[in-house]
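Following: one structure in structure tokens, then a few remarks.
All of the numbers you see were taken from the coordinates with simple rules; none came from a lab. No experiment lies behind these values; they were computed from the predicted model shown. FYI the Cβ positions are ideal-geometry reconstructions off the backbone, even for glycines, and counts take in every protein chain you see.
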Amino acid sequence: MMARSKTIGALALVALLAGCQMPPSSRAAPEQPPSAPAAGIPAPAGGPMLDPQRGVLTMAPLVAGVTPGVVNIAVRSRVERAPNPLFDDPFFRRFFDLPAVPREREVLSAGSGVIVDAARGYILTNGHVVANPAEIQVTLKDRRTYPARLVGSDPATDVALLQIDARGLTAVPFGDSDRLEVGDVVIAIGNPFGLGQTVTSGIVSALGRSGLGLEGYEDFIQTDASINPGNSGGALVNSKGELVGINTAIIGPTGSNIGIGFAVPANMAKAVMAQLVEHGEVRRGRLGITIEDLTPARAGDMHLELPGGAVITHVEPGSAAARAGIAPGDVIVRANGQPIQDAGDLRNLVGLLPVGTDVQIVLYREGRERALAAQVGP
């Protein structure tokens, strides 16, 4: 069973366990900003190191540098109450002298977030963590608490961007998630089950996971680093302390971690963030094509010796693809220098490009390689 940390009941429990009632300003720790705001953390050399004083291998220096950039997010939201045929019946309420039941109820939930721009106070998190917010509070590791503004959210990737007005923040630097390999050591940081900031470690178990039915654009990093309810929106970092993913979901029969967790790649989150900052939403481009995976059987039928690709099955008249000369039967194998293994790869790449962006496409037509250029349309 697919278990997500955005389950309302679980998040409400996490919030209550964490004592995450929206704290009044009087409960916030007094702000004592340093003399100069920190723009980010220096990337450590990477990997475990020997502590000469204790004689043990440790990643404590790396963790100490990254954890100030991971925050707790508490959200007060209002959700529509499920209909009840009895309590919604005016005659029933009048007969038993019952008050009218509000159509909405208040829900308190909690999650995690990652500071990615210290100067502007930008925090990346999951869209489901901050869904339908009436009020958002961000608590830093040093217990300072700030109200947050929702800059924008993209349901298709489950990425959201918050902003707080604060000084002395520490940002987690972006890493290149495209350079991840299966077996790389990663660390997950978040606030699971309201226990407070927690660090777990593991490896990259798989890359490019899709078909999970979680989001519209799926290219997940799979990891066995423990991710549990409350970790949503937290950081997945590599052994250099660089952000390579935003923890998003788990698979587990009980809703708890069994070693199969997923994170949105940092490169995807970074592209979404750029559009949220500029437009407050993601304005997706399109080529105007219908595509399918190039399977080994289909490649054999087309007399192609290709490991993968995206087969064009239909081109809309007058679309960006039609203007570029793309035709049904073409097999796209590269776009903007990125290999295209299947239809999902091409969909993810084009869907995150701003409208008007040029795309350099390499495709096969009738067994011969061709290069074309297309401009992403609205």
Quiz prompt | Residue exposure sequence - Arg149, Arg209, Arg347 - by fewest surrounding Cβ within 10 Å | solution = Arg149, Arg209, Arg347
Practice problem: Go through 259-272, 283-296 and give me the packing order, highest mean Cβ count within 10 Å leading. | Solution: 259-272, 283-296
Quiz item: Label points 7 Å out from Cα along the Cβ direction at Lys240 and Ala322: separation in nm?
Solution: 4.6 nm
Quiz item: To the nearest 0.05, what FRET efficiency results for Arg283 and Asp51 with a Förster distance of 45 Å applied to their C-beta separation?
Solution: 0.35
Exercise. Rank-order 274-282, 158-166, 131-139 by packing density, defined as the average count of other C-beta atoms within 10 Å over each peptide's residues, highest first.
Key: 158-166, 131-139, 274-282
Self-check item: Relative exposure of Met273, Met59, judged by other C-beta atoms within 10 Å (fewest first)
Solution: Met59, Met273
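Rounded to the nearest whole Å³, what is the per residue volume of the convex hull around the Cα atoms of the range 289-375?
80 Å³
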Practice problem: Would you kindly state how much longer the chain becomes between Arg179 and Arg120 on full extension, computed as 0.36 nm times their sequence separation minus their alpha carbon distance, in nm to one decimal? | Solution: 18.5 nm
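Sort the following peptides by mean Cβ neighbour count (other Cβ atoms within 10 Å, averaged over residues), highest first: 333-339, 227-233, 179-185, 66-72.
On the way: 333-339: 15.1, 227-233: 30.0, 179-185: 13.0, 66-72: 25.0.
Highest-to-lowest ranking by the protection proxy: 227-233, 66-72, 333-339, 179-185.
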